[in-house]
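Encoded as structure tokens, the structure appears first; notes follow it.
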Ligand code: PRX
């Protein structure tokens with residue numbers, strides 16, 4: 001095994017060809033790869049025709065000053081016009097943009113493109129009345145309601161970059177973001193529904209604004225009807241301010257490189273990074289990938305089950321689907337509110353054809369058991385997608401069989417807040433998908449796996465995932481910090497964007513993501529990825545979810561420590577569960593990866609977007625005081641884990 005790259009442990013032989021009919025009618029065929037390879041920039045130039053330009057661009061890409069890209073140079077457009085008006089003009093005003101489902105039972109709304117256009121125009125007029133001008137930043141701190149989309153599009157319409165802050169974040173997160181981008185206006189709601197009760201949002205805004213004197217207006221949507229504090233002269237009700245406006249608003253065309261939004265993402269250290277996305281390239285990148293990767297057809301009902309506060313929501317609830325004139329489901333609730341079968345009920349009710357969600361959700365459904373999805377008719381589904389983490393082969397198989405009825409292809413899509421658009425993914429009508437692999441860079445995208453010095457690795461070898469050519473929806477910089485942008489993404493390897501992820505190429509040259517390189521373990525000189533060992537654990541029939549970390553070890557440098565959640569059907573796993581799982585890992589991928597210690601836990605610490613926080617587990621494994629838990633979705637999880645460990649199970653090395 002090479003010292004340079006990551007070890008290649010897992011071997012997967014299953015693969016699934018595209019369903020014949022899908023392949024026959026696919027939006028994108030295998031020729032697209034060759035076509036894009038031949039001339040990448042004209043390929044993207046052609047994809048840009050999906051967008052309505054007020055003025056055509058004169059050059060596809062200006063890369064004369066890397067890493068600062070300019071896409072579709074000279075082009076002018078309005079993002080909101082592209083997402084709503086043009087569909088209405090084309091006669092599709094009565095098409096539903098969103099089947100919106102609120103958390104309280106029966107609270108639903110179908111929003112057509114025509115209705116969306118009217119509301120977006122009203123909100124744009126309202127923002128203008130509040131003095132918002134092109135270039136001003138507007139913070140949006142909202143629940144998952146249609147007004148959130150309206151607010152984003154209204155900002156885009158008048159050229160005011162939006163900063164959506166996930167509604168589950170604290171007032172401190174809001175302070176950091178508002179201050180960093182110097183937002184002058186905040187759009188929020190009195191509150192939102194979360195697991196059956198009304199949770200306040202406005203109080204967090206009020207608290208935050210004590211530290212943000214620059215904010216002059218707060219526009220408040222009435223959602224829950226709860227009492228809220230009020231600052232006269234600053235706070236205005238959405239229904240008063242937006243409701244009275246005209247439904248006419250002439251969209252102004254902005255430069256292709258006009259800032260569209262900033263989305264903050266936390267790094268492992270330091271303050272959150274404001275990832276800046278601009279207009280033309282972002283719309284081209286998201287609409288093309290939404291159409292290509294999900295093979296979008298006119299009669300599809302698309303559902304991205306994610307929050308609008310994350311990039312997945314920005315690109316594949318809002319901009320991609322709306323630019324394509326698609327019909328989507330938008331759901332305010334969590335997977336178990338009002339009950340554990342709600343997703344499947346919604347799929348049956350709205351005849352959802354494409355479901356796009358995170359592996360963490362799939363593993364949670366696996367833990368609960370298939371009796372919930374089995375109660376619903378899921379036969380409308382034709383395609384499934386996954387995003388956010390590697391999907392373990394076993395979770396993939398469960399998703400494929402239980403949710404997809406063994407007929408739907410799965411697209412495992414790799415991308416980031418920074419990339420804006422899907423980068424590495426199967427094409428559903430072309431690729432023979434392998435459980436656990438994101439497969440290949442999309443047409444027009446150039447991804448490689450390289451070793452420590454930036455040399456591409458061979459098939460069967462592991463290393464770092466890099467992007468070697470610019471792409472339309474790429475981040476343009478870190479807001480207000482060009483140096484940090486260069487340092488963070490472009491300095492590790494010359495002329496390449498380094499994403500921070502480990503990856504390997506299998507014998508066919510297909511890409512497997514192996515987790516963040518910060519999480520790599522070094523066991524007796526072998527660099528082991530978290531993903532492969534976790535996948536081996538999840539392939540045991542009693543395991544639903546696993547997290548692996550390296551803990552200091554006198555003999556081996558680091559030793560593998562695993563935390564596992566069992567499936568509900570496995571009960572407590574039996575008295576030999578730990579030995580059983582250790583032996584299972586040894587059998588699946590070799591003795592080198594056998595965990596020194598396995599802890600059965602009721603929950604794992606996750607960020608609010610569902611990613612496992614391995615850093616905290618490492619503290620537990622190394623018997624340290626557990627570090628900062630402020631970004632945890634549920635801060636009581638770490639107590640649950642430590643209480644459990646007091647009672648429980650570990651095994652020594654042999
Ligand atoms: O580590 C990769 C993981 O999520 C990171 C990006 O996170 P974020 O910016 O929050 O965006 C998430 C939604 C796009 C990546 O660096 N990641 C995302 N998708 C995958 C993945 N890891 C493996 N496989 C994926 N399909």
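Since every read-out is calculated from the coordinates, none of them should be taken as a lab result. Here the structure is a predicted model, which is why all the values come from computation and not from measurement. With ideal geometry, Cβ positions are generated from the backbone for all residues, glycine too; neighbour counts draw on all protein chains shown.
Structural remarks
- Mean-position separation - Cα centroids, region 453-471 and region 13-54, in angstrom: 23 Å
- Full extension of the chain segment joining residue 298 with residue 239 gains 17.9 nm, where the gain is 0.36 nm per residue of separation less the Cα-Cα distance.
- Taking 517, 186 and counting other C-beta atoms within 10 Å, the order from fewest to most: 517, 186
- Per-residue ellipticity at 222 nm from helix content only, as computed over the chain with -39500 (n - 2.57) for each DSSP H run of at least four residues, stands at -7500 deg cm²/dmol.
- Estimated at 0.36 nm per residue, the fully extended path between residue 129 and residue 401 surpasses their Cα-Cα distance by 92.6 nm.
- Gyration tensor verdict on region 380-446 (Cα atoms; rounded if a/c is under 1.5, prolate if a/b is larger than b/c, oblate otherwise): prolate
- In this simple spin-label approximation, residue 73 and residue 211 carry label points 7 Å from Cα along the Cα→Cβ vector, and these lie 4.2 nm apart.
- Gyration tensor verdict on region 294-360 (Cα atoms; rounded if a/c is under 1.5, prolate if a/b is larger than b/c, oblate otherwise): oblate
- Tensor-based shape of region 520-644 (alpha-carbon gyration tensor, a/c under 1.5 rounded, otherwise prolate or oblate): oblate
- C-alpha center-to-center spacing [region 82-120, region 542-594] in angstrom: 48 Å
- Relative counts (whole %) of C-alpha pair distances in the chain, using bins that are 10 Å wide: 3, 16, 27, 28, 19, 7, 1, 0
- Here each label is just a point 7 Å from Cα along the line to Cβ, and for residue 34 and residue 179 those points are 5.7 nm apart.
- Angle between the chain longest axis and helix 280-293 axis [Cα atoms, degrees, rounded to 10]: 50 degrees
- Ranked list, fewest to most other Cβ atoms within 10 Å of each Cβ, for 152, 144: 144, 152
- On Cα atoms only, tilt of 637-647 relative to the major axis of the chain in degrees: 20 degrees
- Whole-percent P(r), region 108-162, all Cα pairs, 5 Å bins from 0: 5, 22, 30, 24, 13, 5, 1.
- Difference of contour (0.36 nm per residue) and Cα-Cα distance, residue 518 to residue 607: 30.4 nm
- Computing FRET efficiency as 1/(1 + (r/R0)^6) for residue 630 and residue 459, where r is the C-beta to C-beta distance and R0 is 41 Å, gives about 0.45.
- Derived value for region 117-254: Kirkwood hydrodynamic radius 14.7 Å. Basis is the mean of 1/r over every pair of different alpha-carbon atoms.
- Spin-label model distance (nm) - residue 49 vs residue 572, 7 Å beyond Cα toward Cβ: 6.7 nm
- Figure legend: label point modelled 7 angstrom from the Cα of residue 639 along Cα→Cβ; no residues of region 131-169 have amide N under 15 Å from it.
- Using alpha-carbon coordinates, inclination of helix 146-157 to the longest axis of the chain, degrees: 70 degrees
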